[in-house]
Amino acid sequence: KKVSVIGAVKNPGNYELVGKQTLLQMLSIAGGLTEEASDRIIIIRQYADGKSKSLIIDLEDLMIKGNPKLNIPISPGDIINVSVEILTDIYVFGQVNSPGQIKMKKSSHLTLLRAIAQAGGFTDRARKSGVIIKRTVDDKETKIKVNIKKILSGKEQDIVLKPNDVVFVPESIL
C-alpha cells in the first residue's frame with residue numbers, strides 16, 4: 001500500500017500508507033513544501049476498475065484558510081503532485097533601500113509598486129516621477145518611463161512587470 005508524493009516537496013518519493021492518512025499528513029511525511037510550490041495540489045486517484053480521476057486541491061484554502069474538507073483521506077495508489085511554480089527574476093536598482101534581484105512566481109502579477117516595496121521602498125533621494133522599466137522582447141530593449149506619483153494618486157494604473165524586467169529608480173536632483 002504505497003502513495004507517491006511528487007513535485008514541490010522536500011523529499012519526493014513513494015511512501016508506505018500506514019493506517020488512515022490525510023493529505024496534510026502525507027505532505028508532512030514528505031518533508032513539507034518547497035518554495036517552488038504553486039497554489040494547487042493534484043491528486044491522481046486510481047480506482048479498482050482501472051479508471052483514474054484527478055482531484056485539484058487549492059493550496060491556499062487547505063494550508064492558510066484551513067478548510068478541513070480539503071484535507072482528504074489518502075488511498076493506496078494515490079499520486080500526490082504538488083505543482084511546481086516556475087520562479088523568475090525582476091531586478092530593482094537605483095534609489096531603493098535594498099536594490100537587487102527579486103524572485104517572483106511566473107503566474108503571479110507582480111506590479112511595479114510591489115517590486116519597489118519588496119526592494120525596501122524608495123530612499124529619500126528617489127525621483128518618483130522618472131522611474132524607468134527596461135524590458136527586452138525578441139532581443140529588442142524598450143524603456144518605459146513611469147511617474148509613480150500618478151500611480152499613487154490613482155491617476156494611472158500600476159504596471160504589471162514581466163519576467164526579467166529591470167526597474168531603475170533615479171536620484172532626484174534636488
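The values are calculated or read from the model by the stated rules, or taken from the named source; none is laboratory data. Computed from a prediction, not measured in an experiment: that's the story for all the values here. Positions of Cβ are generated from backbone atoms using ideal geometry, with glycine treated the same way; all protein chains shown enter the neighbour counts. These accessible areas exclude ligands, DNA and RNA; they are computed on the full protein's heavy atoms, side chains included. Shrake-Rupley method; radii C 1.70, N 1.55, O 1.52, S 1.80 Å.
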Checklist entry - Here is a list of conditions, (1) in contact with a helix residue (DSSP H, G or I) (Cβ under 8 Å, 6 or more places away or on another chain); (2) free of Cβ contacts under 8 Å to residues at least 24 places away in the same chain, and Lys51 meets all of them except one; can you say which number that is? => result (1)
Checklist entry - Pairs, please: C-beta under 6 Å, at least 6 apart or cross-chain, first residue of a type in the set (Ser, Thr, Tyr) and in segment 27-44, second assigned to a strand (DSSP E or B)? => result Ser38/Ser83
Next on the checklist: I'd like the full set of residues that are over 27 Å from the mean Cα position of the chain (by Cα) and either closer than 22 Å to Gly66 by Cα or open to solvent by less than 30 Å² (accessible area, probe 1.4 Å) (or both), limited to segment 7-55.
Outcome noted: Leu17, Lys20, Gln21
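Here is a list: Ile79, Ile72. Which entry is free of Cβ contacts under 8 Å to residues at least 60 places away in the same chain and farther than 30 Å from Val166 by Cβ? Steps first, please.
Details: Ile79 fails: free of Cβ contacts under 8 Å to residues at least 60 places away in the same chain.
After applying the criteria, what remains is Ile72.
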Item to check | Unmet criterion (only one of (1) modelled with pLDDT of 95 or more; (2) out of contact with any strand residue (DSSP E or B) (no Cβ under 9 Å at 6 or more places or on another chain); (3) not hydroxyl-bearing (Ser, Thr, Tyr)) for Asp49 | outcome: (1)
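Do we find a residue being closer than 22 Å to Ile173 by Cβ and of a type in the set (A, V, I, L, M) anywhere in segment 71-87? Full working, then the answer.
To start, the set of residues in segment 71-87 that are closer than 22 Å to Ile173 by Cβ comprises none.
The answer is no, given that none of the residues of segment 71-87 is closer than 22 Å to Ile173 by Cβ and of a type in the set (A, V, I, L, M).
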Checklist outcome for this item: Ala37 vs (1) in contact with a Ser or Thr (Cβ under 8 Å, 6 or more places away or on another chain); (2) over 18 Å from Ser107 (Cα atoms): all pass except (2)
Checklist entry - Hey, among the residues in segment 100-146 that are out of contact with any Gly (no Cβ under 9 Å at 6 or more places or on another chain) and among the polar types (S, T, N, Q), which one's nearest to Ile86 (Cα to Cα)? => result Ser107
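Only one of Ile72, Ile29, Ile79, Ile43 is touching a Phe, Trp or Tyr at 6+ places or on another chain (Cβ under 8 Å) and either modelled with pLDDT of 95 or more or of a type outside the set (A, V, I, L, M, F, W, C) (or both). Can you tell me which?
Working: Ile72 fails: touching a Phe, Trp or Tyr at 6+ places or on another chain (Cβ under 8 Å); Ile79 fails: touching a Phe, Trp or Tyr at 6+ places or on another chain (Cβ under 8 Å); Ile43 fails: touching a Phe, Trp or Tyr at 6+ places or on another chain (Cβ under 8 Å).
The match here is Ile29.
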Item to check | Qualifying residue in segment 79-97 (condition: farther than 30 Å from Ala126 by Cβ and aromatic (Phe, Trp, Tyr)) | outcome: no
